[in-house]
Structure formats: structure tokens, C-alpha cells
Amino acid sequence: MSESTPTKASDRPAVASSAVRQLRAGMVGMGMIFDETYRPFFEGVFGRGIHDPAFGVCTIDLAAVASRTGRRAEAYRQSAAGRVAPFVSYTGDNSGAELVAGDVDFVCVATPDDRHFDSAMAALKAGRHVLIEKPSVLSLGQLDTITETARSKRLLAKIVYHKLLDPDHKKLRTLVVDGVLRHVNHGYCTLLEPKMISGQQFAEWITGRNPGTYVAVHYIKLIDFTFGGRLKYVTCTGQRGLVGPADGPTWDSTQLRMVYAYDDGREAAFDIHTSWVTPDNFPGYVEQEVQFRFDNGVWNGHSRKRGVELTVEGETPLVRKISMNNHYNGEFVEPWGARSQRGYGVEVLERFAREVAELEFGGPAEERSQRYDRLVALDYNDVAADRQVVATVEAMEAILAAHAAGEPGAMAEINHDAGGLVLWKPGRAEPDVLYRPRV
Ligand SMILES: NC(=O)c1ccc[n+]([C@@H]2O[C@H](COP(=O)([O-])OP(=O)(O)OC[C@H]3O[C@@H](n4cnc5c(N)ncnc54)[C@H](O)[C@@H]3O)[C@@H](O)[C@H]2O)c1
């Protein structure tokens, strides 16, 4: 056996004392993603907690929630009685600030993306660890402020990038890390959301928004994290006319291109196509496909067509989908009889809770600093490792805004002499500087 099985007591990791540790969570935003992933996470750990030899048993309770109206929170309180801890519900525009001032150890931010910054900063200033839904924030300036605040207070500020935990993407990265797939050349990704997202789900805050910031960011991070390299250029265009007026600021679909450079001087280009106007009777909930080409190979992945096709008379594809992603987040009856809801969308939240527990309880207090340094070095989720992703998002937003304002075809350049992120508009001699420090 090649595993290093402990053979004597002194080889085993130290088991923490039997004292039960406790973490109390606050949830800002009680919308779709709360229901899909946070709800099953909190229900899954309720009464069981998490366990690790380093910190022993740690209970995780949903202690407080904040949302605009509180309607979903109240409905959830009724439906989930006995399945989650009793929680306080704050409502209204100031609800996030009230929540972070209460008795919570970490705060999860799942508000619309242009409101992440305020909630995350309020949590950090109140001394709470924070977990932010993707896309983290919309500008490098905001990212700097969050990173500096978290570092100065020695708090964790992490981002939910669940696609990095998708077993297929883990395998892709493993093949790259192991040198089986050599030097990425170029690639494309697509993620198409149903019309109900733009038409119903996000109708309240959709004006001026685009599906690229919302979902291309999953693949921006996958590419950045898996292949490394330095971001050089960003371009983007898109279509309008369905969600809003054809000459307005709200986008139906976007096509983003990123160019990366690598240490050997070679470059790779990646195209990411997204939309939120796919017909609601599409056979899957979303369409997700990637292709990456290497010096010596091709990776083709399709997250929807992983082999299952279901037909139920009168139900598919509207009430139930024909193809489904059972790896992200599925409801199951386990072979041993228990009902569960699990997948990488839930697993990524538990990972964060484990990181907080490891930091606070995973060893002597005087070694917290070393634990902190180790945990912030995890570049799959730390805010400091999100710079090139946020640069791409900020560039995409600026390019689309210029387009909507009558100047299509702009290109963002990263780490130019004039600034870290600059925007070149056709026909202009000087670029607009979006962010001055190096990215
Ligand atoms: N990881 C993923 O795959 C994934 C999927 C969907 C959404 N998301 C992200 O999650 C976030 C939320 O998306 P959603 O689909 O749940 O949106 P949603 O519109 O369904 O819900 C938004 C929630 O935020 C609350 N809210 C809005 N402004 C607030 C404020 N100022 N203070 C407190 N609460 C406020 C609303 O009341 C609502 O409960 C977005 O950033 C989105 O990008 C991630």
C-alpha cells in the first residue's frame, strides 16, 4: 500500500479535546442560490456539525438572515422548522448592517453582485469572516479594499467558485498539474441560462446588467486557476433587444475573449459565450460546455450531458429537466435510506466552514497566525487570488458600458505603461485608465 497509514499512536494527528466548538453563521440574501446550496448546507450540518482531528466537533448554526422583504425568510422559517437552528431575520436596506452587528462568526453574502462589496465590507469591519458569492466584486479598487481590510483584521475573505470542485474540472486540473496535458493553446466555454432568470428571477435588478458578469465568471476563474499565466487583453461584445431595448444598457448575451501570456512567451486565447435568454423549455436547466486545446491534447467537457436523459410524461422539460447535473446539487435517497441533498455546490460551502473552524480552533491560539497565512494562501477561493478575474469582469463591464454609450469595440489591456487596467476605445489616441496599480 502506498498510503501512509499511521502505525503507532505518535504518528497520528493530534485529536482536539472533546469540547464542542461552535460557529454561528449569518446569511445576507435569501434568494435562489440560498435555496439551492446554502439551505441544504445548513440543514445538512444542523445537529451534526463538522469534524476534524485538528478541531474536534464544531457545530455550524444558521443564526441570522438578512433580506429586502423577509418574505422568503419567513416562508423558510415555517417550512424548515426542526431542520435548522432558530434564526433571527433582519429586513430592509439596512438589514445587512444589523446582521453583522449581531452574534455571528462568519457572514455569507448572496445579494445581487453589485451589492456584494457593501455587505462584505460591513461584515469585515464588524470583525466577521466573510464568504462572497461569485462574482466577488466588480472592480479592482473594491477588491483591494476588501483584501486590505481582511488582512489587517486577520479575517478570512473568500469567494464561492464551486466549479473548481466539479470532479470533471478537478480532473482537468490534475492532468495539467501532472503535465499530461501540456501548454494550453486556446479554448472556448459556454454557459446559457434560461429566460426565466432575466425575465423573472432577476427582473428587479436586471437593468444595466449582463449575463457575462453573472456566469462567464465561473469559467474566467476556471481558466485563471487551472492554467495560470498573465492576463493581457480583454474584448467583449454582445446582443440586446430581448431583456431590454436594443440600444439600452441591458444585455441578452455576451461573447468575451481573454488573452493570457505564459512564462515561455507563448499566448492562449479563451472565448466565453453566455446568455440568459435561452428558451425555458430547453432540455436542461443551463447549457454548459467547454473545450480546451493543448500542445498534445484536447479536453472536451459537457456538464449537462453527463450521461443521463429523463422523460416523464407531462413534466419534462418544463417541470423537470431532461438532462440534469447530479454532480452540482441533487436530491437523493441514499442507499442506506436517508434523504440527502449534496454535490459540489454544497461541498464548497462546507470547505469554507472548515477553513474558519481550522483557523479559530485548529490548534493553539499562539499559532493562529501561521494557520491564517496557510489559509489565505489557498488561491482557489481567497480574495487576493481573484485579481485577474476581477480585472476581466471590470474590463467587460467597461467595454459593454462604452458600447451602450455609442462606442463599441473597445479593448482592455492589462499592465500597460499608462496603468494596470486601461481601456482603448477605437479612434482615441489615449486610453481610459480604469485602475492604476499593476494587476
Ligand atoms: N454560485 C452560483 O452558481 C450562483 C448561482 C446563482 C447566483 N449566484 C450569485 O448569488 C448572488 C445572489 O443571486 P440569487 O440568484 O440568489 O439572487 P436573487 O435575486 O434570487 O436573491 C437576492 C437576495 O438578496 C436580497 N437582497 C438584495 N439586496 C439586499 C440588501 N441590500 N441587503 C440584504 N439583502 C438584499 C434579496 O432580498 C434576495 O433575498 C449573486 O451574486 C449571484 O451571482 C451564484
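So the values come out like this:
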quantity	calculated
From the options ALA66, ALA54, residue that is outside any helix (DSSP H, G or I), within 16 Å of the ligand (Cβ to nearest atom), in contact with a helix residue (DSSP H, G or I) (Cβ under 7 Å, 6 or more places away or on another chain) and under 26 Å from GLU347 (Cβ atoms)	ALA66
Test: residue in the range 189-197 that is crowded, with 21+ Cβ neighbours inside 10 Å and either acidic (Asp, Glu) or more than 16 Å from the ligand (Cβ to nearest atom) (or both)	yes
Test for GLN200: is it under 23 Å from ALA66 (Cα atoms) and away from the ligand (no atom under 11 Å from the Cβ)	no
Restricting the range 20-48 to residues that are among the β-branched types (Val, Ile, Thr) and in a helix (DSSP H, G or I), the residue that is farthest from the ligand (Cβ to nearest atom)	VAL45
Those residues of the range 405-419 which are closer than 18 Å to MET258 by Cα, assigned to a loop (DSSP other than H, G, I, E, B) and among the aliphatic types (A, V, I, L, M), in sequence order	ALA410
All positions within the range 102-142 that are within 14 Å of the ligand (Cβ to nearest atom) and assigned to a helix (DSSP H, G or I)	ASP113, ASP114, ARG115, HIS116, PHE117, ASP118, SER119, ALA120, MET121, ALA122, ALA123, GLN142
Test: residue in the range 253-273 that is assigned to a helix (DSSP H, G or I) and within 21 Å of VAL160 (Cα to Cα)	no
Residue count for the range 116-141, restricted to those that are touching a residue at least 40 places away in the same chain (Cβ under 8 Å) and not acidic (Asp, Glu)	14
Residue under evaluation GLU334, criteria (1) without any contact (Cβ under 8 Å) to a residue 40 or more places away in the chain; (2) more than 18 Å from PHE46 (Cβ to Cβ), criterion not met	(2)
Residue list for the range 144-153, restricted to those being more than 15 Å from the ligand (Cβ to nearest atom) and not basic (Lys, Arg)	ASP144, THR145, THR147, GLU148, THR149, ALA150, SER152
Pick from the range 199-213, criterion not aliphatic (A, V, I, L, M) and not in a loop (DSSP other than H, G, I, E, B), ranking: surrounded by the fewest Cβ atoms within 10 Å (Cβ to Cβ)	GLU204
Within the range 123-156, tally of residues that are in contact with a His (Cβ under 7 Å, 6 or more places away or on another chain) and aliphatic (A, V, I, L, M)	4
Every residue from the range 88-100 that is in contact with a helix residue (DSSP H, G or I) (Cβ under 9 Å, 6 or more places away or on another chain) and either away from the ligand (no atom under 14 Å from the Cβ) or of a type in the set (S, T, N, Q) (or both)	SER89, THR91
Selected residue [under 18 Å from CYS189 (Cβ atoms), in contact with a helix residue (DSSP H, G or I) (Cβ under 9 Å, 6 or more places away or on another chain) and assigned by TED's automatic domain parsing to the domain that holds PHE202] from GLY297, GLY284	GLY297
Residues that are in contact with a Gly (Cβ under 7 Å, 6 or more places away or on another chain), surrounded by fewer than 17 Cβ atoms within 10 Å (Cβ to Cβ) and of a type outside the set (Asp, Glu), drawn from the range 139-188	LYS153
Condition broken by GLY82, with the remaining ones in (1) within 12 Å of the ligand (Cβ to nearest atom); (2) among the small types (Gly, Ala, Ser); (3) modelled with pLDDT under 95 satisfied	(1)
In the range 322-351, the residues that are part of a loop (DSSP other than H, G, I, E, B) and aliphatic (A, V, I, L, M)	ILE322, MET324, ALA338
Residue identified as under 30 Å from ARG48 (Cβ atoms) and more than 19 Å from the chain's Cα centre (by Cα) among SER323, SER340, SER303	SER340
Per-region count, the range 214-230, residues in a helix (DSSP H, G or I) and more than 10 Å from the ligand (Cβ to nearest atom)	10
Residues of the range 150-198 that turn out to be part of a strand (DSSP E or B) and not hydroxyl-bearing (Ser, Thr, Tyr), as a count	13
Condition met for LEU310 (surrounded by 19 or more Cβ atoms within 10 Å (Cβ to Cβ) and in the same structural domain as MET196 (by TED's automatic domain parsing))	no
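Yes or no, residue by residue, for (1) under 24 Å from the mean Cα position of the chain (by Cα); (2) closer than 19 Å to ALA353 by Cβ; (3) at pLDDT 95 or above:
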| site | (1), (2), (3) |
| --- | --- |
| GLU3 | no, no, no |
| PHE42 | yes, yes, yes |
| VAL45 | yes, yes, yes |
| ILE50 | yes, yes, yes |
| GLU98 | no, no, yes |
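For (1) more than 24 Å from SER152 (Cβ to Cβ); (2) polar (S, T, N, Q); (3) within 26 Å of the chain's Cα centre (by Cα), each residue gets a yes or a no:
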{"position": "GLY345", "(1), (2), (3)": "yes, no, yes"}
{"position": "ALA353", "(1), (2), (3)": "no, no, yes"}
{"position": "TYR380", "(1), (2), (3)": "no, no, yes"}
{"position": "GLN388", "(1), (2), (3)": "no, yes, yes"}
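The values are calculated or read from the model by the stated rules, or taken from the named source; none is laboratory data. It should be emphasised that the depicted structure is a prediction, and the values quoted were computed from it without experimental measurement. Backbone-built Cβ (ideal geometry, glycine too); neighbour counts: all protein chains shown.
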